[in-house]
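Taken together, the values in this text are just the output of simple stated rules run on the coordinates, not laboratory data. Source: prediction; values computed, not measured. Using ideal geometry, Cβ is built from the backbone for each residue, glycine included, and neighbour counts are taken over all protein chains shown.
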Amino acid sequence: MPEVSLSLPVIIGLMTLFLIVGGGLTFLILSQITPAAEGAASDATATLSPSPSLSPTPETPTATWTPQATATPSTYTVQDGDTCLSIATFFRISVQSIVLENDLAATCLLSIGQELRIPAPTATPSPQATSTLSSGEATVQACETTDHVVQADETLSLIELSFGVPAEAIQEWNSLASDTVFEGQFLIIPLCERLVVGAATVTPSPAPPYPAPELLLPSNGAAFTLENDVVTLQWSSVGSLRENEFYQITIVDITAGDNTRLTSVVKDTSFNVPESLRPNVLFPHIFEWRVETVAQIGVDEDGNPTFRSGGPVSVVRVFSWSGDVIEATPTP
């Protein structure tokens, strides 16, 4: 190969030219890259999210007591024939709770259409079932029972008469330490312990007390003469009577020396005084009359029905009735 020889000045010139060309290319390349890099850096700065700072750990909250919600009383509209006892029995609550919840009088008189607040009944825990029953438990389970709510002025002896169940049996079934009972108290009446009066079994009758009947006619002090063959007594209804419940009317001739008395029971709210009570003299006799509700609790040894009071007695009213002189039989 031929040798190429260059002088030193030429070599220096070529190297200088190479450096100039290389530097220019490098400058051009860097001038294109720098704006893009700056834009990328700007974008990175704009979207860079600051590192989240650590927040302090919250303290454990202190437990606070939340009161249990109380049952809101429901409402009931009084219907025709309703009594406080029938409503209390239906809702399984005491008559006293109805009286207190609605600020009623102790007699618990109701009117048709009246709105009553009915308190929620107190829940009673159900007994735990057992696999086997003892002889005593089996006897209890086989016995027919009924519930009874003690009414005002009602005693254990009156309840005994109402259901024909001995007071001792009622005490035992309800774990009563004495023969004292309280108004509104729930009692279990063991009907399997009923007594037999005469030849008939006493019919259980939860006697309510009904309110006293309101006397309507005749007005107090009304006068009847010989022209009045019939004297009709009328009073207001106290509600729907049960099959064994009646109105008992008592009429007393207070003018007669022997205080002639008539007592009768009816289902209706009126009663015709029998003509046999009319005096046989011209001057008027004064009669007192009153009405109360009663419940038949059985029969006596002679087969006559026996009753117990089912509520307070009405007020006493009076009326007068004049008769005629019975002519004496002429002496022959």
Query raised in the report: Where the only charges are on Cβ atoms (+1 Lys, Arg; -1 Asp, Glu), what is the dipole of the stretch 140-194 about its Cα centre, to the nearest 20 debye?
Result: 120 debye
Query raised in the report: So what is the relative contact order of the stretch 140-194, in percent, for Cα pairs below 8 Å that sit 6 or more residues apart?
Result: 54 percent
Report task. Multiply the residue separation of Ser237 and Glu115 by 0.36 nm, subtract the distance between their alpha-carbon atoms, and state the gained length in nm to one decimal. Result -> 41.9 nm
Query raised in the report: Suppose R0 equals 22 Å; then what is the FRET efficiency for Glu183 and Thr145 from their Cβ-Cβ distance, rounded to the nearest 0.05?
Result: 0.55
Query - Förster radius 45 Å - calculated FRET efficiency between Asn304 and Leu226, Cβ distance, rounded to 0.05 - result: 0.85
Query raised in the report: Taking the simple approach of a point 7 Å from Cα along Cα-to-Cβ for both Val313 and Thr269, what is their distance in nm?
Result: 2.2 nm
Query raised in the report: Convex hull over the Cα atoms of the stretch 74-118, averaged projected area in nm²?
Result: 2.7 nm²
Query raised in the report: Modelled label-to-label distance, Ser320 and Ile11, 7 Å Cα→beta-carbon offset: nm?
Result: 17.2 nm
Report task. In Å and from the alpha-carbon atoms only, list the Rg and Dmax of the stretch 140-194. Result -> 10.2, 32
Report summary line: With 0.36 nm assigned to each residue of separation and the Cα-Cα distance removed, Leu28 to Gln79 gains 7.7 nm
